[in-house]
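Read-outs: derived from the displayed coordinates by stated rules, not from any lab. These numbers come from a predicted model, not from an experiment. Counting neighbours? That spans all protein chains shown, and the Cβs are built from the backbone with ideal geometry, glycine included.
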């Protein structure tokens, strides 16, 4: 009897405010985010597309959809990980992002990997 197939990618994100690329007076405020995508399932899968929902402090939404991430569509064997860093300009000094990666397993099964909401916050500065 064969093992049940598990289609699963875990996504962790860390963020950093990029002061040298930001305009502190009135924006934009630029944030870098580093993503680690790990295949936690037992079937090789390829990340095909991304869909981000970006929300600023006023609740304004921006959606970003596209092929792959940073110009690639990584293929991850079970246990493998892919890491990349990208950036997001916001019109406010705080906001959030969440989204999905649409993936296709080597057996043709398609599934979405959820990206939980993470915060983009300019650190408080004292003068």
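The computed Rg and Dmax of the Cα atoms in Å for the structure shown corresponds, within (1) 15.5, 55; (2) 16.8, 67; (3) 18.4, 59, to (2). Once you divide the Cα radius of gyration of segment 56-105 by 2.2 N^0.38 Å, the number left is 1.44.
One chain, two ends: residue 119 and residue 61. Fully extended at 0.36 nm per residue, the span grows by 19.5 nm beyond their Cα-Cα distance.
May I ask you to sort 22, 14 by Cβ crowding, counting other Cβ atoms within 10 Å and putting the fewest first?
Working: 22 17, 14 11.
Listed from fewest to most nearby Cβ atoms, that is 14, 22.
For the chain, modelled as a GNM whose springs connect Cα atoms under 10 angstrom apart, the maximal fluctuation among 60, 50, 38 occurs at 60.
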